[in-house]
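Presented below is the structure to which this report refers.
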Amino acid sequence: ELGDSSQLHVGDGVVAIGNALALPGGPTVTSGVVSALDRSVAEPGSTGANGQATSTGPTLYGLVQTDAAINPGNSGGPLVNLQGQVIGINTLGAGEAEPGVQAQGIGFAISINQAKDIAQQLFANGKVSRAYMGISYVLLTPAIASQLGVSLKYGAVLSTVQNGTPAAAAGLKEGDIIVSADGKQLVGESALGEILNGHKPGDKITLQVVTPQSQGGSGQPRNVDITLGERPAGQ
């Protein structure tokens, strides 16, 4: 039975099921608790010939963090609550916090509510549609704020705006700073991605944008309305 991941609380007991490490003898189970909710984690990306990471994978949002052991072979298996309801899909475990510092007891599962939404889209349309603005950005840091000549403490600085995209049609350009979206301040690197992840193509979103004087703007916040498009395949 599928549960409701919106009803989870930190400390709830959970069990992860899967074929950990492909050990002979069939599936295994591990137990633990919900350690945190609404985590954002980048999937592992590609690596070079020297084994060093050359890029990160896509960012996953709204994850359930658990200390139930999740190893290779657990991915795709269910994370269940103590009522036997599936409340997540085991996805990945943290490896190293930094080189030489091994992470312990940190695993992540896609929440079942997100998975149900994806499944419904697949059944109805044969694909999953993601909202899309057509930008790339970096987190506003004190150093970048100083370079741009602004006193803002948070936001997303646009590094590229692709031609022919909703962002370009709305007049956004490189160097603009998105301060908030849907009335929510963009505090943290994943804030804008999480907001977009909650929208569908065709939705309208209101951004508060500042164009710094160093970029030819007034330096004052203004509202920009954007009708979101559909993310192209492979992006």
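The values are calculated or read from the model by the stated rules, or taken from the named source; none is laboratory data. Just so it is clear, the structure is predicted and the values come from calculations on it, not from any experiment. Cβ atoms come from the backbone with ideal geometry, glycine included; neighbour counts cover every protein chain shown. Keep in mind that these areas ignore ligands, DNA and RNA; they rest on the heavy atoms of the full protein, side chains included. Shrake-Rupley method; radii C 1.70, N 1.55, O 1.52, S 1.80 Å.
Tabulated results
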quantity	calculated
Test result for S75, hydroxyl-bearing (S, T, Y), part of a loop (DSSP other than H, G, I, E, B), surrounded by fewer than 15 Cβ atoms within 10 Å (Cβ to Cβ) and at negative phi	no
Filter result for G171 (open to solvent by 70 Å² or more (accessible area, probe 1.4 Å), more than 25 Å from D38 (Cβ to Cβ) and either out of contact with any Pro (no Cβ under 6 Å at 6 or more places or on another chain) or not in a strand (DSSP E or B) (or both))	no
Criterion violated by S146 - all others in (1) open to solvent by 70 Å² or more (accessible area, probe 1.4 Å); (2) free of Cβ contacts under 8 Å to residues at least 40 places away in the same chain; (3) under 23 Å from P232 (Cα atoms) satisfied	(3)
Selection from the stretch 1-53 of residues that are at pLDDT 95 or above, surrounded by fewer than 13 Cβ atoms within 10 Å (Cβ to Cβ) and aliphatic (A, V, I, L, M)	V10
L140 closer than 28 Å to R231 by Cβ, open to solvent by less than 50 Å² (accessible area, probe 1.4 Å) and at pLDDT below 95	yes
